[in-house]
Amino acid sequence: MNDRLSSGHARLDEILHGGLFKNSITLVVGVPGSGKTILCQQFVFHNATIDRPALYLTTVTEPFDKILRYSESLDFFDATAVRERRVIYEDLGHAVTSGGLDAVLSTLGRFLKELRPSMVVIDSFRGLHAFAKDEGAFRQFLDGLTRQLTASSATALWIDEYPRGEAQNAAEFAVADGIIALDTKQLDDREHRTLQVLKLRGSGFQSGQHGYRISSRGLDVFPRLADLQDPSGYALGKEKVETGVAALDKMLGDGLWPGASTLVVGPTGVGKTLIGLHFLFHGAKSGQPGIHATFQENATQLRRIVGGFGWSLETGGVHVLSRSLVDIYIDEWVYELLDLAQSTGAKRIVIDSLPDVMTAAGDPTRFREWMFSMVQRCTRQGISLLMTLEVPELYDIRYISEHGLSHLADNVIVLQYAKDSTHVTRTLTVLKTRGSHHEQNVRAYEITSEGLTLEDLPPDDRR
C-alpha cells in the first residue's frame, strides 16, 4: 500500500524520498513570487480523483477566482477536473471576516463532511493569525483544525510567506509534519531559485538547497548533485581506450582506463579543446558514443571548428550539449547532461571547460561537491570523462587549481608554451596517470589540419 502522495515530478519525489505522507500537514513557505501556489496545485491536480477530490481554499489574500484565472495558464491545469469537481476551489474569506476563526472551523467541517477530500490546501494560512484575539486563541484554533483534518484522513498543504526566523516561534511550524521552503537567492547579478526541505516527520529526505525553475509546466526541480561515496563494488573495464592521438596513448601507457577521469590543463589557444575532439571522434569511430558539453561555442561555431580538421558533427556518435553561461543553474545543466548520456548510451564525455562550471556553481564548496559526484557517477557507469581547465600562465605552469581538481582526476595532461629567442612552441607533458605507468618526457607538438601531432623524440631522449 502506497502511503505517499506524489508531486507528479520525479525529481521532487526523489528529494522527498517518495513524496509527502498521506494524512499529514505540510507548510509550503517562501518569499513572494517563489511558486508556492504553483507547487501546491501540482500536488492537487496530480492526486485528485472523483471519489476523493482536492479542496483548494483561499482566505483573505487573493480571491479564488483570481487564483483560478492564473492557474489556467499552467500545462497541468485540467479544466475537466474542475468541471467534474475533482478539484474544487472554495473561499474561506467571507467566513473568517464575518465569523472569525470559529466560522472557519465550522465551514471547513462542512466541506470535509460533504466532499470527503483527499487533499486540503489553505492559501494563505498566515493571514488567519489576524483574526485571533491572542496567541492562546490561535493555538486553540490550530488544535481544532488539526483534529478535523486528521479525522477526515485529508492531506493538508498550508501556504504562506514566513521569514525563516519565525519557524522557531510560530505555532503552526511545530504542528506541521513537513516544511518545504522556497527562496530566491542573489548570486552576483543573477537570481537563483532554491527549494529546501526543512522538516519531514517520519521520513528521510535529501538535505540542502535544490535549484528549480518555474515555467508553464510548473516547478521543475533539480536535486543538488552531492553524492555520498558508494562503498558497493562495480565492474571495471580491462581494456584501455584510445585518445585518438597515437603518440599520446603511448605516453599514457597505451591509453586510458575506461571510466577514468582526465584533466587537460593549459593556457588559452594551446589545444585543450582539440584533444577533447580527438577523444570524441575517435570514440565514435570505435563504436563509443560521446558528448561534447561546452559553454564556449554554440553548435554552429563548433561545426566550423571540427570541419577544419576533417570531422563532421553529422557523422553520428558525437552529441553536442551547448549552453550559455547566462542564467545557468549548474544542477539543471548536469541533469540535462546525465539524461543525454543515458539516452545516447554515451561512453565518453568532454566538459569544456571547468572554469565555466565553477561560474555556474556559484561557490567553491558547491563546485567541489559537484565535481566529486560527477566523477563518481561516470566512473561507476564506465563513462570516460575528459575535462579541460584553462590556467593563466602561458609558460612554466606552477599550479593546476586551488580547488583540488588534480586529486579527483585519474590522469593529468599539461599543455603549455615554450619559447626561445626566436619562436614559440607547444609542449605536452603527462603529469599523472593513476594505476599505470606513463612517459615522463616533455613532447613538442604542432596543430595542423590533421589535428594535434606530437613530434618524435630524439633517439637519446627515448626511455
* Asked: What residues from region 341-355 fall in the zone where the backbone N is under 20 Å from a label point 7 Å along the Cα-to-C-beta line of Thr315?
  -> 341, 344-352
* Asked: Between His437 and Thr146, 0.36 nm times their residue separation minus their Cα-Cα distance comes to what?
  -> 98.0 nm
* Asked: Between the DSSP loop rule and a limit of at most 14 other Cβ atoms within 10 Å, which chymotrypsin sites (Phe, Trp or Tyr not before Pro) in region 252-323 are left?
  -> none
* Asked: How high is the FRET efficiency between Tyr234 and Gln186 when r is their beta carbon distance and R₀ equals 51 Å, given to the nearest 0.05?
  -> 0.80
* Choose one of Pro223, Ala130, Ala156: the residue whose Cα lies farthest towards the positive end of the charge dipole of the chain (beta-carbon charges +1 Lys, Arg; -1 Asp, Glu; about the Cα centre). => Ala156
* Compute the separation of the alpha-carbon centres of region 325-366 and region 33-96 and state it in Å as a whole number. => 36
* To do: Per residue of region 20-25, in order, report the coupling 6.51 cos²θ - 1.76 cosθ + 1.60 (Karplus, θ = phi - 60°) as ³J(HN,Hα) in whole Hz, putting x for Gly and Pro.
  => 8, 5, 5, 6, 10, 10
* Asked: Using a basic spin-label model with each label point 7 Å from the Cα along Cα→Cβ, how many nm lie between Asn169 and His94?
  -> 3.5
* Value of D in µm² per second that Stokes-Einstein yields for region 4-222, Kirkwood Rh from Cα pairs, at 4 °C (1.567 mPa s) -> 74
* How high is the FRET efficiency from Gln296 to Ser73, r the C-beta distance, R0 35 Å, rounded to 0.05? -> 0.45
* For region 238-334, state which GluC sites (Glu not before Pro) are in a DSSP loop and have at most 14 other beta carbons lying within 10 Å of their beta carbon. => Glu239, Glu314
* Selected from Ser312, Pro289, Ile275, residue furthest toward positive end of dipole (region 246-461; charges at beta carbon) -> Pro289
* To do: Would you calculate the separation in nanometres between label points at Glu84 and Thr365, each defined as 7 Å from the Cα along the Cα-to-beta-carbon direction?
  => 4.8
* Report, in debye and to the nearest 20, how large the dipole of region 207-300 comes out about its Cα centre when Lys and Arg carry +1 and Asp and Glu carry -1 on their Cβ. => 160
* **Projected label distance in nm at Ala10 and His129, using a 7 Å step from Cα toward the beta-carbon** => 4.0
* Structure fact -> Yeah, region 32-125 with a ≥ b ≥ c from its alpha-carbon gyration tensor (a/c under 1.5 is rounded, else prolate when a/b outruns b/c, oblate otherwise) is oblate
* **Rg/Rh for the chain, where both radii come from Cα atoms and Rh is the Kirkwood radius** => 1.12
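Each value in this text was obtained by applying a stated rule to the coordinates, not by laboratory testing. Since the model is a prediction, treat every value here as computed from it, not as a measurement. All Cβ positions, glycine included, derive from the backbone under ideal geometry; neighbour counts span all protein chains shown.
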